[in-house]
Every structure is written in structure tokens, then in C-alpha cells.
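The values are calculated or read from the model by the stated rules, or taken from the named source; none is laboratory data. Predicted model, so just to flag it, every value in this text is computed and none were measured. Cβ placement follows ideal geometry from the backbone for every residue including glycine, while neighbour counts extend to all protein chains displayed.
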Ligand SMILES: Cc1cc2nc3c(=O)[nH]c(=O)nc-3n(C[C@H](O)[C@H](O)[C@H](O)COP(=O)(O)OP(=O)(O)OC[C@H]3O[C@@H](n4cnc5c(N)ncnc54)[C@H](O)[C@@H]3O)c2cc1C
């Protein structure tokens with residue numbers, strides 16, 4: 001069996017690994033000229049953590065990850081006003097929690113790809129020709145591949161989804177915020193941060209920072225913006241938007257890298273009415289983006305790829321496997337997206353009153369019963385296990 005995967009991110013690399021193990025011939029294409037090295041810290045827990053465990057990835061992820069003791073919400077002078085202990089967070093998700101830079105998560109997945117897998121950077125899918133028994137992917141390098149399956153794992157602005165269904169705006173649920181992430185070099189800030197994660201305790205806009213082991217600082221910033229269109233000059237916009245914040249924010253703005261090294265996008269969810277057509281399907285953010293508000297996009301990208309691989313290995317037909325994948329996985333995604341939207345006001349309060357309410361909530365979260373509620377709110381209402389939606393059960397329920 002042969003598959004073309006468009007996108008060498010978390011979803012695409014996970015699927016590439018799993019299908020290679022099942023003797024599929026795998027080609028992965030990615031439009032970036034090389035693996036992405038820029039990124040941001042992700043908290044990795046939930047179903048993706050379980051998938052990583054099954055794949056034997058945890059030792060390497062733990063090695064590359066960071067031991068973050070807490071998240072501190074700080075005022076203009078850097079004084080902590082509220083604290084979320086990562087021990088408590090870990091307990092709320094059954095101890096299964098990692099903090100890791102997204103490029104390191106991808107690195108761990110790339111390292112275990114088999115030698116015979118074909119990886120083509122600087123290439124994308126430019127056209128799709130579907131037949132009953134085969135799909136032809138035309139690539140931007142002028143070549144064409146005939147495969148049993150084509151998978152769009154090319155992120156929130158998926159080109160494969162565009163070729164399948166047209167204009168992306170129809171599938172976007174803009175959540176009224178935009179976000180930026182980059183790394184910068186400032187030894188004095190790195191020393192001040194220590195090992196903790198620190199965020200401004202502010203309304204309307206906030207900036208959070210992690211110190212990295214190479215001595216640099218990873219920053220992400222999120223603000224409300226009614227207008228979904230991205231600003232024309234992103235560095236200038238960020239300087240203006242965050243210029244009034246204190247603490248280390250002026251240094252983070254002054255040391256901002258060039259625009260092409262800054263991640264900047266809408267905070268949005270993706271809701272596509274149908275994930276597959278014939279032998280073409282979508283995984284990861286391309287069909288299921290939950291947004292950073294849910295804090296689980298990377299985890300779900302890995303878990304969704306795991307579920308698809310399970311369906312494909314159990315199926316007698318590719319199209320039947322794609323139907324089962326969507327039937328079993330979509331309800332999980334819908335639940336996490338809902339949890340993400342519910343958490344928006346806690347993630348970024350709109351008013352000073354809400355900031356104070358969040359402080360009170362964080363104090364309460366030290367109480368065991370509230371800790372369990374916190375667990376339910378970060379993982380989504382339904383505590384689904386990977387076993388419920390993959391492997392054996394799917395062979396009998398499909
Ligand atoms: C600031 C921020 C913080 C976050 N924090 C967390 C967190 O704490 N926990 C968590 O689990 N998730 C978090 N997320 C979400 C998470 O990063 C994403 O959900 C996850 O990266 C999705 O993985 P993916 O593989 O589907 O897509 P992506 O990571 O977007 O990868 C897509 C890949 O496809 C490639 N590509 C794109 N377009 C094309 C094309 N046309 N042709 C070929 N290749 C293409 C890209 O180069 C890339 O390699 C956060 C996101 C942001 C922005």
C-alpha cells in the first residue's frame with residue numbers, strides 16, 4: 001500500500017511512522033525548505049500522550065522536554081500574583097504531562113522514521129486526481145505519485161483541504177484573538193525566569209515566557225482583535241499592542257527577531273463538515289484544530305494520526321477505514337473544541353474583574369475536589385481513552 005502525506009508536522013510525522021511500521025510505502029512532502037526550528041512550548045498531555053507512550057516515544061520526549069515547576073502570573077514589576085503548580089496540573093491529568101518545544105516534538109518523531117521513507121522538503125501537493133482504485137497527487141516539483149491514500153496533514157491553512165473543498169474561510173471559527181510566538185536572546189531575562197513559566201496577569205492581552213536550555217527565551221503573546229485579518233506589519237503591530245505592558249515585555253519587544261521568524265496567526269478552530277473524499281483525508285489541525293485555548297492541538301494531532309493508522313491497519317478497504325476514522329474520532333474533537341471555547345475567558349480575561357476572578361480560581365485549585373474539576377476542564381468533559389477509539393474495538397464496530 002502507498003500513501004502520500006502532505007505536511008511533516010506532528011500529525012504527518014506520526015502517521016508516517018505508524019504506516020511505515022505496517023509496511024506501507026510512505027512519501028511525506030512539506031512546503032518548508034527544511035524542518036522548522038522556530039516554535040513555542042507546548043504542554044503535552046491527554047490522548048496524544050497515550051499515543052506517544054504506545055509508540056515508545058516517551059523516553060525521548062522526556063529527554064527533550066522541560067521540567068516546568070509552575071506557571072506564575074506576574075504584575076508589571078514581575079511580582080507573582082497567582083500561581084498554577086505543574087504538579088497539580090500533572091495530577092489533574094493522571095501524571096501524564098510533558099512540556100516540550102514543538103520543534104523538539106517533531107524532532108523526536110523524525111528521528112525514528114525508517115530510512116526507506118521518502119521525505120521531500122520544499123514540495124507541496126498542487127493537484128489531486130481521484131479515481132476509484134487510486135489517487136494521483138501532482139506535486140509542485142513537477143512529479144506525480146499514484147497512491148492508495150493521500151493525507152492532508154498540512155496544518156490549519158491546509159492546501160489539501162483547499163483542493164478538496166475550496167475556500168478555507170468557510171471552515172474557520174475565528175475566536176476573536178490572534179497570537180504570536182518567537183524566541184529571543186537576552187541572558188538577563190533568561191536568568192530572571194529560572195525554570196518556571198511566567199505570564200503577565202493582564203486583561204485583553206498577555207505575554208508568557210519560558211527560559212530554554214540554550215540560554216534563549218521562548219515567548220508567546222495573545223490578544224483580542226475583532227478584525228480577523230492579520231496586521232500588515234506584524235513587528236510594528238506587536239510593539240504597539242504590547243508596548244504598555246511592564247516586566248520583561250519591553251525587552252521581549254526590543255529583541256524581537258525578523259518578521260519571517262515570528263509565528264503569527266489567528267486563534268481559530270477548524271470545522272470541516274466532512275473529513276474525507278474517496279481516498280483523500282485530513283488529519284491534525286487541517287480538520288480538527290482546537291486552538292491554543294484548548295492547549296491540546298499537538299496532542300490531538302498525534303492521537304488523531306494514531307487512530308487513523310489503527311483504522312487503516314484493521315480495514316479491508318481504505319475508504320471504509322476513512323469512514324470509521326471520522327465516525328470515532330470526530331466526537332472527541334468536537335468535545336475538545338467546546339472545552340477550548342469555554343476556557344477562553346480564563347485563558348485571556350477581557351476585564352480587570354475577570355483577572356481577579358482567575359486569581360481566586362487558581363487559589364481554589366489547590367483544593368483536591370477543584371483539582372479534579374480542573375482536570376475535567378482541561379481534558380474535555382468526556383474522559384475518553386485511546387483504547388475506546390482505536391484498535392480492537394474499531395474492528396467490531398466499524
Ligand atoms: C502559541 C501556541 C501554543 C500552543 N500550545 C499548545 C499546547 O500547549 N499543547 C498542545 O497540545 N498544542 C498547542 N498548540 C497547538 C499545536 O501547536 C497545533 O495544534 C499542532 O502543531 C498541530 O499539528 P499539525 O501537525 O496538525 O499541524 P502543524 O504543526 O501546523 O504542521 C503542519 C505541517 O505542514 C506543513 N505545511 C503547511 N502548509 C503546507 C503545504 N501547503 N504543503 C506542504 N506542507 C505544508 C508545515 O510546514 C508543517 O510542517 C499551540 C499552538 C500555538 C500557536
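Key figures
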| read-out | value |
| --- | --- |
| Single condition residue 311 does not satisfy, out of (1) surrounded by fewer than 24 Cβ atoms within 10 Å (Cβ to Cβ); (2) touching a helix residue (DSSP H, G or I) at 6+ places or on another chain (Cβ under 6 Å); (3) part of a helix (DSSP H, G or I) | (1) |
| Of all residues making up the range 238-255, the number that are part of a loop (DSSP other than H, G, I, E, B), surrounded by fewer than 18 Cβ atoms within 10 Å (Cβ to Cβ) and in contact (Cβ under 8 Å) with a residue 40 or more places away in the chain | 2 |
| Count of the range 115-130 residues which are in a loop (DSSP other than H, G, I, E, B) and at pLDDT below 95 | 2 |
| Exclusive hit being away from the ligand (no atom under 12 Å from the Cβ) and surrounded by fewer than 22 Cβ atoms within 10 Å (Cβ to Cβ), set 189, 135, 217 | 189 |
| Which numbered condition residue 155 fails, given (1) more than 15 Å from the ligand (Cβ to nearest atom); (2) within 23 Å of residue 32 (Cα to Cα) | (1) |
| Condition check for residue 351: out of contact with any helix residue (DSSP H, G or I) (no Cβ under 6 Å at 6 or more places or on another chain), at pLDDT below 90 and surrounded by fewer than 20 Cβ atoms within 10 Å (Cβ to Cβ) | no |
| So residue 222, is it touching a helix residue (DSSP H, G or I) at 6+ places or on another chain (Cβ under 8 Å), touching a residue at least 40 places away in the same chain (Cβ under 8 Å) and either within 10 Å of the ligand (Cβ to nearest atom) or within 27 Å of residue 72 (Cβ to Cβ) (or both) | yes |
| Number of the exception - residue 337 against (1) within 16 Å of the ligand (Cβ to nearest atom); (2) part of a helix (DSSP H, G or I); (3) touching a helix residue (DSSP H, G or I) at 6+ places or on another chain (Cβ under 6 Å) | (3) |
| 1 or more residues more than 15 Å from the ligand (Cβ to nearest atom) and under 29 Å from residue 311 (Cα atoms): qualifying strands (runs of 3 or more DSSP E) within the range 9-110 | 25-30 |
